[in-house]
Amino acid sequence: MESASDAVVERLLREHTPHVLGALTRRFGHFGTAEDAVQEALLAASRQWPSEGIPDSPRGWLITVASRRMTDLLRSEQARRRREDTVAAQVLPEEFLSPGADAPAGGDDTLILLYMCCHPALTVDAQVALTLRAVGGLTTGEVARAFLVPESTMGQRISRAKQRIRRSGQPFRMPPEADRPARLAAVLHVLYLVFNEGHTATSGDALTRTDLSGEAIRLTRMLRGLLPGDGEVTGLLALMLLTDARRGARVDARGDLVPLGEQDRTLWNRGLIDEGTGLVTEAFAAGPPGPYSLQAAVAALHDEADSAETTDWEQIAALYGVLEGLQDNPMVTLNRAIAVAMAHGPAAGLALLAPLADDPRMARGHRLHAVRAHLWEMAGDTDAAVESYRSAARMTTSIPERRYLDRKADILAGRAR
Amino acid sequence: MRFALLAYAEAAPELTDRIRDRLTASGELVHLVELADGGHTRTLSTGAAGVLARDGELDEPGRRLVAFGIVDCESYDRATHLAARLVSGLPGAVAVRPVMTTTGSLDV
């Protein structure tokens, strides 16, 4: 044993979390209780390992400690139910330090856990919270801080989620083949949301908030290790890396948003771009590209260009066209309109926007106004642009976006005077 | 997504209690502020003679803001559903109003 830094210990613990939880749930059942026991073992390790050193078999150590705790928890639960049997206590923790020959590979457990945490009976918020705790190994406090809610609220959200899973009667095994595509889609959606939440956090928050985009990338990498042939898993990882590559350029020194076209591209992370671009190629080779792969391909085209002017907008418009065929989502049309405007001029883009004005899904949002403003600005119609920037600023619920949109309107209005 | 639930009532603490109890249990309450009686309110505004201060609030009588809670929930529909359940069977009203955040995910 040798002493280790807190960061090394934290990384190690997060890596082992799903395997330890999988082993415990497999042995004892009671996913919810097992999840609590694993959290306590992680806490004990994070206290002991930095000073006392990392044990020779970290996973074995965690399983042993979590099992003891699990036995206690089940005992007290049973005592509460005034039953005399202590079934769980008969299982010796040492028994499963070396898994039996029939035990499945640890990776399967991790997949089962991801599917379980993204169970359709849960709200998306609950899926996100549970995934980060049970699979990611984050504490309730860390998840709460990441989403800026009180720890008690997050604790309640997680325990309700576990109750729902228990009531659903979901056994700890792979969902039937027919259900897996939908379950995998839910998992990818959760990972995407976690990434986005981290990516949009402003630099001021970054000091106190857990690095959610880093965590999302880590979990998606892990998922890709388990499903290397799945194009959409690869596509999502590529999308995250290609987006994260621009992190250093997306806000200026004052903390204001810098739009893609105005970003200092020398600040983009080359290593991430190269890796992401390679993954896009792999994702497209895996079969007909899905939504994440297509979005990743768009991100790659942006990341490879020296400037907005030299970007391959024609190709981006074509990719959004394919995406429109897969998803009935007006946001995709908005993005295609921008690409078409960049390739063929603002009038062509504005023509694509016209049908969206009647789309009820656009009624509350600010994005249609923001895109219109941008295209009218391109077309030189300053008054219409200012009015649309103001409408967009009024309708957005994002603080940095409102600042950006108001600033655009101010600058344009000043120029018009 | 974050919403302010603005609770309007004559005086009844019932609505406030419901917000605290139900939304704590559902894991969606971020913050709850209970407001003192409207009689303690001082409202400032600019009139012809400059800034005026007067005691009392702007709300109509019988519909006073008694509390507001901040919730973190999945969607606008979910927030609306919560408000409907809170106000059900009680006098008063609950308004749902989005809160500005750094993410801002009201659409899509």
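Paramagnetic label reach from A:ARG80 (point 7 Å along Cα→Cβ; backbone nitrogen cut-off under 13 Å): within segment A:138-165, residues A:159-160, A:163.
Applying 1/(1 + (r/R0)^6) with r as the Cβ-Cβ distance of A:ALA178 and A:ALA413 and R0 = 56 angstrom yields a FRET efficiency of 0.45. Under a model in which nothing but the beta-carbon of Lys, Arg (+1) and Asp, Glu (-1) is charged, the protein assembly as shown shows a dipole of about 1260 debye around its Cα centre. Put in order of Cβ neighbour count within 10 Å, fewest first, the listed residues A:HIS302, B:HIS40, B:HIS31 become B:HIS40, B:HIS31, A:HIS302.
The value of relative contact order for chain A, using C-alpha pairs under 8 Å at least six residues apart, is 9 percent.
Modelled spin labels at A:THR266 and B:ALA25, positioned 7 Å past Cα toward Cβ, are 6.1 nm from each other.
Which FRET efficiency, nearest 0.05, do A:ALA7 and B:ASP55 yield, Cβ-Cβ r, R0 51 Å? Efficiency computed from Cβ-Cβ geometry: 0.35. With the simple model of a label 7 Å out from the Cα in the direction of the Cβ, A:SER159 to B:ASP17 spans 2.2 nm. Calculated FRET efficiency, A:LEU326 to A:ASP256, Cβ-Cβ distance, R0 = 45 Å: about 0.85 to the nearest 0.05.
Among A:MET240, A:MET395, A:MET154, which one shows the highest mean-square fluctuation when chain A is modelled as a Gaussian network with alpha-carbon springs under 10 Å? Answer for the Gaussian network model of chain A: A:MET395.
If I take every Cα pair under 8 Å that is 6 or more residues apart in chain B, average their sequence separation and divide by the length, what percent do I get for the relative contact order? The value is 45 percent. Springs join every pair of Cα atoms under 10 Å in this Gaussian network model of chain B, and among B:THR24, B:THR43, B:THR80 the largest mean-square fluctuation is at B:THR43. Look at the stretch B:73-80: the mean tally of other chain Cβ atoms within 10 Å of its residues' Cβ atoms is 2. A full extension of the chain between A:ASP72 and A:ARG47 corresponds to an added length of 7.0 nm, given 0.36 nm per residue minus the alpha carbon distance. Sorted ascending by nearby beta carbons within 10 Å, beginning with the fewest, B:ARG54, A:ARG80 become A:ARG80, B:ARG54.
Over all distinct Cα-Cα pairs of the protein assembly as shown, the Kirkwood formula returns a hydrodynamic radius of 26.0 Å. Peptide B:42-52 is shielded by partner chain Cβ atoms: per residue, an average of 0 of them sit within 10 Å of its Cβ. Annotation for segment A:136-179: trypsin sites (Lys or Arg not before Pro) lying in DSSP loop with at most 16 further Cβ atoms inside 10 Å of their Cβ are A:ARG173. A Gaussian network model of chain B, with springs between Cα atoms under 10 Å, assigns the largest mean-square fluctuation among B:SER45, B:SER75, B:SER26 to B:SER45. The stretch between A:ASP306 and A:ILE399 holds 30.6 nm of extra length on full extension. This uses 0.36 nm per residue minus the Cα-Cα distance.
Near the amide H of B:LEU32, within less than 5 Å, lie the amide hydrogens of B:ILE70, all on another chain or at least 5 residues away, with H placed in the peptide plane.
Rule-based calculations on the coordinates, nothing more; no lab input. No experiment lies behind these values; they were computed from the predicted model shown. Don't worry about glycine lacking a Cβ; one is built from the backbone with ideal geometry, like all the others, and counts go over all protein chains shown.
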